[in-house]
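Only one structure is covered here, and it is reproduced in the block below.
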Amino acid sequence: MRVAVFADIHSNLEALQSFIDHSATQSVDRYMCLGDVVGYGANPNQCVARLRLLPHGLFVLGNHDAAVLGVPVNMTQEARQAINWTRKRLSDESFYFLREMSDIIRWDDAVFCHSNPYKPRNWDYVSEKASISRSFARSKAKILFIGHTHVPVAITRKNFFCVYIRSPRHQSVVPVAASNRQIFNCGSVGQPRDGDPRGAYLVYDTNKWLVEFYRFEYDYGKAKEKIVTAGLPESLGRRLLSGL
Ligand SMILES: [Fe+2]
């Protein structure tokens, strides 16, 4: 089975549609969304409607999704502005969709979550040694899939004291290790933050035991203009052009 793992769409319809088109060329059997469907961007309802049509889609809750649902979440002023904007415009249908998303999904040897597997609703970033060690220590899953940082990463645990971290590029292929445990961050569809404005996702091939990383172009200018026209903070549009 080939599973497209993706996250952090952030109401960016142009990026989401390009992701769907790109992943359709990769023989994907099912879709696993790791949260933050909404927040920042101008098309929350349209993104939810598009996601509902994905074949065999499973969805995990992100911190921005939770904030829109009324869960207390710490965030920047601009992010909070976008949450308030989104909440006023969210349809009942979209609201119910977000409300049904899981904190964590366990599937065979793998766990799928938005931020971290040990306390999904504290929204820790798994980006430095302490949170990486904690993720391995507090989860029994062999493979962990996460999002939240908006930066694609592949982490392999060599032993208790040592992890190997790599930053995958477009078409990087990382073998699933026979015995070592691993964390894969799929990056962000709609607001990348690694200096590359292209959207990011990965495909987990459970037959070949491979994880393939992909980047795709989309109409960054159009997504930015929509943010500005909607009256959302302009910086949220500008950052789409730089990927930072
Ligand atoms: Fe996010």
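None of the figures in this text is laboratory data; all of them are computed from the coordinates on show. The model shown is predicted, which means the values in this text are computed figures rather than measured ones. Please note: Cβ atoms are built from the backbone with ideal geometry, for glycine as well, and neighbour counts cover all protein chains shown.
Quick test for you: out of 57, 39, 70, 62, pick the one residue that is over 15 Å from residue 199 (Cβ atoms) and within 12 Å of the chain's Cα centre (by Cα).
62
How many residues does the range 113-155 contain that are in contact with a strand residue (DSSP E or B) (Cβ under 9 Å, 6 or more places away or on another chain), within 15 Å of the ligand (Cβ to nearest atom) and among the hydroxyl-bearing types (Ser, Thr, Tyr)?
3
Is one or more of the residues making up the range 45-57 assigned to a loop (DSSP other than H, G, I, E, B) and in contact (Cβ under 8 Å) with a residue 40 or more places away in the chain?
So far as the range 45-57 goes, no, none of its residues is assigned to a loop (DSSP other than H, G, I, E, B) and in contact (Cβ under 8 Å) with a residue 40 or more places away in the chain.
For the range 112-126, give me each residue that is in contact (Cβ under 8 Å) with a residue 24 or more places away in the chain and either on the phi > 0 side of the Ramachandran plot or assigned to a loop (DSSP other than H, G, I, E, B) (or both).
114, 115, 116, 117, 123, 125, 126
Would you confirm whether any residue within the range 85-100 is over 19 Å from residue 45 (Cβ atoms) and within 16 Å of the ligand (Cβ to nearest atom)?
No, the range 85-100 has no match at all.
Could you please let me know if residue 121 is more than 21 Å from residue 149 (Cβ to Cβ), touching a Leu at 6+ places or on another chain (Cβ under 9 Å) and charged (D, E, K, R)?
Criteria not met by residue 121.
Considering 110, 7, which residue is crowded, with 20+ Cβ neighbours inside 10 Å, among the small types (Gly, Ala, Ser) and more than 16 Å from the ligand (Cβ to nearest atom)?
Details: 7 fails: more than 16 Å from the ligand (Cβ to nearest atom).
On inspection, the qualifying residue turns out to be 110.
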